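Beneath this line is the structure, given in structure tokens, with notes to follow.
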Amino acid sequence: MIIKTDALANFSNNTERTEMLIIAMSKIKTYNWMYQQKALEKNLEFGYTVQKSQDKELRKIENSCSENAIISLSTNFEVFYKDLMQELLNKYPLFFKNKITKYTEKIIKMISSKKRYNYERISEELSLKNRFNFIDFFEDYKLPFLSKDEKKIIEHIYTIRNNYMHNAGRIDKKTKIKLKKYPSPTQQGYLTTEAKRLRTKFNRLIKKIHKRVETEIKK
């Protein structure tokens, strides 16, 4: 038995973490500006000192929030494709039973079983360990999960994410090669703007994926 789930609803809930990081940047910037204006009204020299100090601190906060926002996009993507697989197996069992792939036998067994399967147990049963395995899974069933250009967007996000997590943001030779292969889809050099635009582009992409995969499976 495959447990019922809603990949899009879960994705919307999970994006809140990313949204809060971006909102935090905007609010801190606004509060700083208001405080600086009051300081400047009282004393210009003191106001400029406050402004310089807060702007320096704000850049650090923005960089940290932007980095974590991009990291959260990759986490949201991982949860989404696992949820999507579970949702489709639950809603359209006949589609998967009637398609002969290397997964068919195990899927039929899970669907017919009295055990309850969430995406964690499904992934383990089908030996799906990473995003590449899941992409292969959808492709084996001829489901339009990611286009060639969309794969580049995802790989760009993962390249940035891995750089922050493993290199503390210092771009090494390997990262430079990957960024050349998977350039930013937003064409932004400023990290804060990059994070905001990546978020917007990514959210639209997830909705497109869900819609077209389900449209294809209903044919």
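The values are calculated or read from the model by the stated rules, or taken from the named source; none is laboratory data. Given the structure is predicted, the values throughout are model-derived calculations rather than measurements. As a convention, Cβ positions derive from the backbone with ideal geometry for all residues, glycine included, and neighbour counts pool all protein chains shown. Calculation scope for accessible area: heavy atoms of the full protein, side chains included, ligands and nucleic acids excluded. Shrake-Rupley method; radii C 1.70, N 1.55, O 1.52, S 1.80 Å.
Can we say N162 is open to solvent by 10 Å² or more (accessible area, probe 1.4 Å), modelled with pLDDT of 95 or more, polar (S, T, N, Q) and in a helix (DSSP H, G or I)? Here the answer is no, as N162 does not meet what is asked.
Being within 23 Å of F202 (Cα to Cα) and not acidic (D, E): is that true of S74 here? Considered against the rule, which asks whether it is within 23 Å of F202 (Cα to Cα) and not acidic (D, E), S74 comes out as yes.
Residue pairs whose Cβ atoms lie under 7 Å apart, separated by 6 or more positions or on different chains, with the first residue in the range 118-143 and more than 18 Å from N76 (Cα to Cα) and charged (D, E, K, R) and the second part of a loop (DSSP other than H, G, I, E, B) and open to solvent by 20 Å² or more (accessible area, probe 1.4 Å), are D140/T101. Total residues in the range 12-59 satisfying the condition of being among the polar types (S, T, N, Q) and under 34 Å from the mean Cα position of the chain (by Cα): the figure is 10. Here S127 meets the list (1) among the polar types (S, T, N, Q); (2) surrounded by fewer than 17 Cβ atoms within 10 Å (Cβ to Cβ); (3) closer than 30 Å to I23 by Cβ almost entirely, failing just condition (3). At least 2 residues being among the hydroxyl-bearing types (S, T, Y) is the threshold, and among the helices (runs of 4 or more DSSP H) wholly inside the range 1-114 those reaching it are 16-42, 44-91, 104-112. Selection of the range 131-159 for residues being under 14 Å from the mean Cα position of the chain (by Cα) and either small (G, A, S) or outside any helix (DSSP H, G or I) (or both) yields only L146.
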